[in-house]
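The values are calculated or read from the model by the stated rules, or taken from the named source; none is laboratory data. What you are looking at is a predicted structure, and each value in this text was computed from that prediction instead of being measured. A quick note on method: Cβ atoms are made from the backbone with ideal geometry, for glycine too, and the neighbour counts reach across all protein chains shown.
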Amino acid sequence: MIVEETYLKGCFVIEPKVFGDHRGYFYETFNANTFKERTGLDVSFVQDNEAFSNRGVLRGLHFQKDKFAQAKLVRVVKGKVLDVAVDIRPNSETYGKYFSIELSGENKKQFFIPRGFAHGYAVLEDNTIFAYKCDNYYHPESEGGIIYNDPNLNIDWLLTEDEIQLSEKDKKLPFLNL
């Protein structure tokens with residue numbers, strides 16, 4: 001397993017070792033001991049989520065506030081997404097900066113996003129299955145978000161405006177205060 005920290009402190013890209021042959025493949029998607037050894041983080045995941053979407057769906061940018069903040073370990077089971085984390089930690093040197101990575105069922109990369117980040121993803125292929133672990137339970141009253149097209153962030157979602165499909169809730173998200 002290769003684990004590399006991004007320029008956003010605490011965000012890690014994880015490339016698992018995949019064992020494949022003519023029958024298919026096998027890989028370990030998560031091991032708490034290896035994760036702690038390679039990242040220095042002791043994270044206890046309490047909830048697993050999965051979403052199915054087609055090309056053009058954009059989910060985010062979302063976060064949970066205060067004691068309900070969540071760290072996430074995300075991956076794509078099938079298909080492809082552009083995954084994005086935005087640093088919203090007020091005293092961080094990289095506040096308002098983002099990191100994006102293409103995750104796919106083919107490359108099997110994973111992305112760890114710690115607490116203190118907004119997270120979202122754009123679906124780049126039909127029939128995409130996105131899976132993620134959270135270290136805290138979802139709490140609707142503590143939900144927050146940033147509009148996907150915030151000009152201060154200037155994120156290239158790899159989709160045209162005509163392709164982007166948002167939930168009604170995501171259409172009403174505010175800008176990030178920089």
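Looking across the range 124-138, the residues that are assigned to a loop (DSSP other than H, G, I, E, B) and either of a type in the set (V, I, T) or farther than 22 Å from P114 by Cβ (or both) come down to L124, E125, D126, N127. Scanning the range 139-178 for residues that are in a loop (DSSP other than H, G, I, E, B), of a type outside the set (A, V, I, L, M, F, W, C) and in contact with a Leu (Cβ under 8 Å, 6 or more places away or on another chain) yields Y148, D150, N152. For the range 136-152, the candidate set comprises residues that are charged (D, E, K, R) and surrounded by fewer than 18 Cβ atoms within 10 Å (Cβ to Cβ); within that set, the residue that is farthest from S44 (Cα to Cα) is E141. When R115 is tested against (1) outside any loop (DSSP other than H, G, I, E, B); (2) closer than 22 Å to S92 by Cβ, just one condition goes unmet, and that condition is (1). Selection of the range 5-30 for residues being assigned to a strand (DSSP E or B), charged (D, E, K, R) and exposed (fewer than 11 other Cβ atoms within 10 Å of the Cβ) yields only D21.
Restricting L103, L73, L41, L61 to residues that are within 19 Å of D150 (Cβ to Cβ) and either modelled with pLDDT of 95 or more or β-branched (V, I, T) (or both) narrows the list to L61.
Being farther than 30 Å from E15 by Cβ, modelled with pLDDT of 95 or more and of a type in the set (V, I, T) is the requirement here; does I147 meet it? Taking the combined requirement at face value, the residue satisfies it. Residues that are touching a Phe, Trp or Tyr at 6+ places or on another chain (Cβ under 9 Å) and not aromatic (F, W, Y) within the range 125-141 comprise N127, T128, I129, K133, C134, D135, N136, H139, E141, listed in sequence order. Considering (1) of a type outside the set (A, V, I, L, M); (2) under 13 Å from the mean Cα position of the chain (by Cα); (3) surrounded by 14 or more Cβ atoms within 10 Å (Cβ to Cβ), the lone condition that R38 does not fulfil carries the number (2).
Across the range 54-77, what is the total count of residues that are of a type outside the set (A, V, I, L, M) and either over 15 Å from the mean Cα position of the chain (by Cα) or in a loop (DSSP other than H, G, I, E, B) (or both)? It would help to see each step written out before you state the result.
Restricting attention to the range 54-77, the residues satisfying the condition of being of a type outside the set (A, V, I, L, M) are 54-56, 59-60, 62-68, 70, 72, 75.
Cutting the leftovers down to either over 15 Å from the mean Cα position of the chain (by Cα) or in a loop (DSSP other than H, G, I, E, B) (or both) gives us 54-56, 65-68, 70.
Matching residues across the range 54-77 total 8.
If I ask for residues that are modelled with pLDDT of 95 or more, more than 17 Å from the chain's Cα centre (by Cα) and exposed (fewer than 15 other Cβ atoms within 10 Å of the Cβ), which ones from the range 153-178 would you list? Answer for the range 153-178, where residues must be modelled with pLDDT of 95 or more, more than 17 Å from the chain's Cα centre (by Cα) and exposed (fewer than 15 other Cβ atoms within 10 Å of the Cβ): N154, T160, E161, D162, S167, E168, K169, K171, K172, P174, F175. Picking from residues in the range 117-133 that are buried (at least 20 other Cβ atoms within 10 Å of the Cβ) and of a type in the set (G, A, S), the one that is farthest from E5 (Cα to Cα) is A122.
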